[in-house]
Amino acid sequence: MSTLNKPASRTTMRRSAKTAATGESGPPKRPRKSASGTASSPALRADRSPLRTVGIVVLWLIVALSIVMLLWMLMQAFRDTRSILSDPWGLPTSLAPDNFVRAWTVGDFATATFNSVITTGVSSLLTVALAAPAAYYLSRVAGRFTQGLTMYFILGLGIPAQVILIPLFVMLNQVYLTDSLIGLNLVYIGVSMPFTVFLLTAFFRSLPLEMEEAAALDGASALRTFVRITLPLAKGGILTAFVLEVISHWNETLLALTLIQSTEKYTLPVALISFVQQQTYSGADWGGLFAGLCIVVLPMLIIYIWLGRRLTEGLTLGMGK
Amino acid sequence: MSEVDANAAVDTVLLADGAKPAKAARREAGSSIDRQRKKLLIPFVGPAFILYTILFVVPSLAAVWISFHSWSGSGPMEFVGGENYVRVFKDPLFLKSFGNTLLLLFVVGIAIFVLAFAMSLVLRDMAGRKIVRSVIFFPHLINALVFGVLAGFIFNPGGIVNTLLGPLGVKEPPAWLAQENIFPLIMVTLVATTTGYYTTILMAGVDRIPPYYYEDCALAGATAFQRLRYVILPLTWDVFGTCAVLWTISSVKIFEIIWVFGGSSGAGIPPTQSWTTAVYTYVTAFSGQSTPSYGAATASAVISLALVSVLVVVLRRAMRRDAVEF
């Protein structure tokens, strides 16, 4: 049995598999010729073990549970704290957005949402605008220097955020950029560089070069080629990178918690934390809290429904190739 | 340290980029557009390079520097050599935090991997796999704060779990949110919310196995286990490696969910039983409860970085096998 793992037998295995797939007649007659080569061939459906059936049932249960949880959270946001606590499974009696109004006005979620939208939008846009040309250069110019540079950018992928927390705070404090959304934006841009450059370099490499070469032959400069040929071709990848940054900046908590102190500059996650902490003193406002959670989650849900497959591909890019 | 990281990064690049990193470049070497492109170095790479260096690389190096000093954030820094490291390793709070980080890394990591792999095997050819896949991926896009807050509600004394357990005859449900139970509960929550993401990645690996291998297995009469052992595992091995590296890097930063899990204790700081090194770093530097000790806080952060680096290198070594071409 262990011989099956050896290279030699693997090649024979592959050869026989290929003949099987192309449907050519080999020495052993294939039993059911009609269903060969397609994904639903009998060979692939052969295992109907009880274990597998259990697995399928469990998976669908997980799916149902996830959807129920999400809907449940939305529902609770329309109920008041007392009825939530007395019957956690109850349905809202009305769709009056009292909790949202209260969270919006009392809990400072309005300012926080505004800050989050601005910060997320600006920093993601600038991140991609800076990373795209860099990634283009790194993907198109060969040589040891470029390799070293690529490495330099990618190094940051392995550094946990808590490492830079204290030095960043000290440095920004010296130039009066702590407790400032401008400072936070700058930090987000710097911290996002490794992943964005990594993703876009891989993406630019996957683009065909023929059109760029044709443009060069027609006398277009390298800059013009980049702007007129490569960028339009790379629209999809750049949008993916942008949306992935939007998601990560929207959810970023540790840096914002450290660098922002005044309430009117809170981003959503920081406002949510402060809302949770206030409850210790002012009594639980679960209705308002659920409304706050919805404000954090819903934009992500909308983006996911809008661009779902693209995001999964972006986040798993390279893993499956 | 940096060399170690660089090695890991090279491997990541090679792994991610697969077969042809240099082909594109070689084809056009020496052409005039190539020469022109080289002139773009400063305008194209410059801005990204400067921001990244100032806001990421310099702070990382500064962290190592600060960790060798005694400093409270203001006033003079005093060089103390490795004293901060000795100090944190004598601090029971740090040891608890470090132990928790290791628990997240290994126990939660292994649970996630076993479950994710099992799920990707079931998902491989089931009906409705796309729906399942998109639903289980979604938690990855949600701030972990949300799960922390929700768990607080679900496991509240009068919360969902207890109202469900009541009719089942459980008269005295465990005190879910008692200090000693919080961390295990956090671990379970993390497994529940993270497995979907890794399943999605593993599926990308399982999906690229050409169907004729499975047919061949069926023709050769291989059992389900043999097919797993000799076809699926060897052909997805590199994806496993990538996932392991990803989990190592992301588990060490876990902070948000612990910060708010189960609501908050009075002081706005989670109970020490559930701290991780990230929480330790933050509290030691910024809690405002005692004199901030930037030296000890950065020492804790640098230890996490060392942990990541060592593990990534070990993982790359351990997972290195002859790439199976197919």
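The values are calculated or read from the model by the stated rules, or taken from the named source; none is laboratory data. The shown structure was predicted, so the numbers you read here are calculated from the model rather than taken from an experiment. When we count neighbours, we look across all protein chains shown, and the Cβ atoms used for this are built from the backbone with ideal geometry, even at glycine. SASA here: full protein model, heavy atoms, side chains in, ligands and nucleic acids out. Shrake-Rupley method; radii C 1.70, N 1.55, O 1.52, S 1.80 Å.
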- Task: Using the Karplus curve 6.51 cos²θ - 1.76 cosθ + 1.60 with θ = phi - 60°, work out ³J(HN,Hα) for each residue of the range B:135-141 in order, rounded to whole Hz, and write x for Gly and Pro.
- Result: 5, 6, 7, 4, x, 4, 8
- Message: With θ taken as phi - 60° and the coefficients 6.51, -1.76 and 1.60, list the Karplus ³J(HN,Hα) couplings across the range A:289-306 in order, rounded to whole Hz; mark glycine and proline as x.
- Response: 5, 5, 4, x, 4, 4, 4, 6, 7, 4, x, 5, 5, 5, 4, 5, 5, 6
- Message: Given the whole protein assembly as supplied and a 1.4 Å probe, what does the accessible area of A:LEU155 come to in Å², nearest 10?
- Response: 40 Å²
- Message: If you take every residue apart from B:PHE117 with its C-beta less than 15 Å away from the C-beta of B:PHE117, what net charge results, scoring Lys and Arg +1 and Asp and Glu -1?
- Response: +3
- Long-range tail of P(r) for the range B:85-319 (Cα pairs > 26 Å, %): 49 percent
- Query: What are the residues whose amide H is under 5 Å from the amide H of B:HIS69, where those residues sit 5 or more places off or on another chain and H is modelled from the backbone?
  - Reply: B:VAL80
- Note on the structure: Placing each pseudo-label 7 Å from Cα in the direction of the beta carbon, B:GLN226 and A:LEU125 end up separated by a distance in nanometres of 6.1 nm
